[in-house]
1. Assess whether residue 45 counts as being over 13 Å from the mean Cα position of the chain (by Cα) and either in the same structural domain as residue 104 (by TED's automatic domain parsing) or surrounded by 17 or more Cβ atoms within 10 Å (Cβ to Cβ) (or both).
2. If a residue must be within 16 Å of the ligand (Cβ to nearest atom) and either within 27 Å of residue 166 (Cα to Cα) or touching a strand residue (DSSP E or B) at 6+ places or on another chain (Cβ under 8 Å) (or both), how many such residues does the range 214-241 contain?
3. Residue 39 versus (1) without any contact (Cβ under 8 Å) to a residue 60 or more places away in the chain; (2) within 30 Å of residue 192 (Cβ to Cβ): which is the lone unmet condition?
4. Does at least one position in the range 106-118 carry a residue that is part of a strand (DSSP E or B), modelled with pLDDT under 95 and either assigned by TED's automatic domain parsing to the domain that holds residue 188 or more than 23 Å from residue 196 (Cα to Cα) (or both)?
5. Which residue out of 150, 122 is within 19 Å of the chain's Cα centre (by Cα), buried (at least 19 other Cβ atoms within 10 Å of the Cβ) and under 30 Å from residue 30 (Cα atoms)?
6. What number of residues within the range 202-220 satisfy the criterion of being assigned to a strand (DSSP E or B) and closer than 13 Å to residue 109 by Cβ?
7. So which residues in the range 104-119 are over 15 Å from the mean Cα position of the chain (by Cα) and more than 13 Å from the ligand (Cβ to nearest atom)?
8. Return yes or no: is residue 96 within 17 Å of residue 214 (Cβ to Cβ), out of contact with any helix residue (DSSP H, G or I) (no Cβ under 7 Å at 6 or more places or on another chain) and crowded, with 21+ Cβ neighbours inside 10 Å?
Ligand SMILES: [Zn+2]
C-alpha cells in the first residue's frame, strides 16, 4: 500500500482501488492519503466517493498488521465496496490541518524544552507532551519561546536517512521510551529550519510546511506528574490573561 501522506501531507484527496474488505468492515486500498493512528497523532476521518457518486463515511484510520498496512474504518451501516472498485478518498481536511498544526507545535515544544519525551498525544484543540524533567518552568516563558519559533517562519521538511546514519547519531532521538521504527532500512526525519538549523528528529506523522502555519498557540497548563515528569498542554489561540 502506498502511503501518500508520507511525502505530501497536503494531499487532501486521491484516487485508489479497493484491495480488500475485512470481516470487521475495514477497507484496504492500493494507496491512501489517510494517516493511520500512530506516534500520538490520531488517524484521519473523511469519506470515500464511489464511481456511482455514493459516499462511504470513514470514522477512523488505523494500522493493520504492519505500519505499511492502513485500515480505513467505515461508519456503521455504510455501503461496502467490492475488491477492484475505484474510489476517490477525501480527507476531513479542516480536522487534519489542525492536527498537523498541533503536531508541529509539539516538535517546537521539544526544541524549547530540550528534555527526553516520555509521552505525547495530539488532538484537534489540545495536545500534551510529557517530559522527563525535574525543573520548574514558567508557562508564559515557554509560550513566548514557542511563538518566536512560529513567527520566524522556519521551513519544515522531510528527509530520509539510512538506519545506519541514525546509529551514528543517536542524539537525534528525543523520545525516551519509543524507538523509531526499524526494518525498512530507512528512516524519516522531520527537519525544522534551513539545513535543520532548529531541529531534526525521526517522525512518521504529518506536519505543516512552515512554522508560521502553526499559528498562534500557547501553553495552557504545566502539570507535575511525579517528581521527574512534567506534562505540558498546548492550545490554539492567545494565552488567556
Ligand atoms: Zn512529528
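1. yes
2. 3
3. All conditions pass for residue 39, except number (1).
4. Checked the range 106-118: at least one residue is part of a strand (DSSP E or B), modelled with pLDDT under 95 and either assigned by TED's automatic domain parsing to the domain that holds residue 188 or more than 23 Å from residue 196 (Cα to Cα) (or both).
5. The conditions single out 122.
6. Number of matching residues: 4.
7. 112, 113, 114, 115, 116, 118 - these are the residues of the range 104-119 that are over 15 Å from the mean Cα position of the chain (by Cα) and more than 13 Å from the ligand (Cβ to nearest atom).
8. Judged against the criteria, residue 96 is a match.
The values are calculated or read from the model by the stated rules, or taken from the named source; none is laboratory data. Because the structure is a prediction, the values reported are computed rather than measured. All Cβ positions, glycine included, derive from the backbone under ideal geometry; neighbour counts span all protein chains shown.
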